[in-house]
1. With the requirement that a residue be without any contact (Cβ under 8 Å) to a residue 40 or more places away in the chain and more than 22 Å from P170 (Cβ to Cβ), what does segment 115-134 give you?
2. If A72 passes every condition in (1) more than 22 Å from V159 (Cβ to Cβ); (2) of a type outside the set (D, E, K, R); (3) out of contact with any Gly (no Cβ under 9 Å at 6 or more places or on another chain); (4) assigned to a loop (DSSP other than H, G, I, E, B) but one, which one does it miss?
3. Return the residue satisfying two criteria in turn: it lies in segment 53-64 and is touching a residue at least 40 places away in the same chain (Cβ under 8 Å) and touching a helix residue (DSSP H, G or I) at 6+ places or on another chain (Cβ under 8 Å), and of such residues it is surrounded by the most Cβ atoms within 10 Å (Cβ to Cβ).
4. If you scan segment 39-69, which residues turn out to be in a helix (DSSP H, G or I) and within 17 Å of the chain's Cα centre (by Cα)?
5. Just need a number here: residues in segment 71-94 that are under 14 Å from the mean Cα position of the chain (by Cα) and on the phi > 0 side of the Ramachandran plot.
6. Could you grab me the full set of residues in segment 65-93 that are out of contact with any helix residue (DSSP H, G or I) (no Cβ under 9 Å at 6 or more places or on another chain) and under 18 Å from T128 (Cβ atoms)?
7. Could you please let me know if I112 is in contact with a helix residue (DSSP H, G or I) (Cβ under 8 Å, 6 or more places away or on another chain), touching a residue at least 24 places away in the same chain (Cβ under 8 Å), crowded, with 18+ Cβ neighbours inside 10 Å and not in a helix (DSSP H, G or I)?
8. Out of all the residues in segment 6-22, is one or more assigned to a loop (DSSP other than H, G, I, E, B), touching a Lys or Arg at 6+ places or on another chain (Cβ under 6 Å) and farther than 22 Å from G118 by Cβ?
Amino acid sequence: MSGISIIGLGNMARALAGRALAGGNTVEIIGRDQAKTKELAAALGGPTVGTSGAAPAGDIVILAVPYAGAAAVVREYGDALRGKIIVDVTNPVAPDLRGFVVPDGSSGAQEIAKAAPGDAHVVKAFNTVFSHVLTAGPAEDRPLDVFIAGDDAQAKARVSAFAESLGLRPWDTGELFMARALENAGLLELGLMNHSVKHANFSLGITLLG
């Protein structure tokens, strides 16, 4: 099992922390508001409470914050993230849902990687799974898939093992540039939610034929 530090206090942080604890992982919750951090940790019944800006305890650090502040958070931690695996779960979607708030040809994960220490490894994952779907977990005969992208094979293997501990099925999609495709998949889900499915009780996945 893994040592996980989750930066953030929102729905995705709660969902990932809950499933990580259930999967036998060690979990640290970190938030700017210490009172709210302690409240979330108590509600989950297991995580330790970290200090915002200090070195995270986990080898895997999950950025469960809105994309708008994600790179700034990484810069704030600076060398405290040296050697860490940084998991980016964000979707840098524009408010009008017609594109992204990143430079052309880039992705949220690639922009976060620019802000990270050189020996940290950024892995894109979990951005195509709604938080409430993640909390509910896989249905009886339907695996819940998580797509992963990153430049370091060992870091991706660690994140894949973590995903499996949550009861999810990881799929390696390639190097970090593939985060662009994964973020487009996140936008696709929002389009489906708004125009055809009309709710968010669904997930994208792979069906193997034969």
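1. Once the filter is applied, which keeps residues that are without any contact (Cβ under 8 Å) to a residue 40 or more places away in the chain and more than 22 Å from P170 (Cβ to Cβ), segment 115-134 yields P117, G118, D119.
2. Result: A72 passes all but (4).
3. Of segment 53-64, the ones touching a residue at least 40 places away in the same chain (Cβ under 8 Å) are 56-64.
Checking which are touching a helix residue (DSSP H, G or I) at 6+ places or on another chain (Cβ under 8 Å) leaves us with 56, 59-64.
Numbers: P56: 22, D59: 16, I60: 23, V61: 27, I62: 29, L63: 27, A64: 27.
Among those residues, the one meeting the criterion is I62.
4. Across segment 39-69, the qualifying residues are Y67, A68, G69.
5. Qualifying residue count for the region: 0.
6. Residue satisfying the conditions is P66 alone.
7. no
8. Going residue by residue through segment 6-22, those that are assigned to a loop (DSSP other than H, G, I, E, B) are 8-10.
Then drop every residue that is not touching a Lys or Arg at 6+ places or on another chain (Cβ under 6 Å), which leaves 9.
Right, trim to farther than 22 Å from G118 by Cβ and you get 9.
Yes.
Only the coordinates and a few stated rules stand behind these numbers; no lab work does. Computed from a prediction, not measured in an experiment: that's the story for all the values here. Neighbour counts are summed over all protein chains in view; Cβ atoms, including those assigned to glycine, are modelled from backbone coordinates with ideal geometry.
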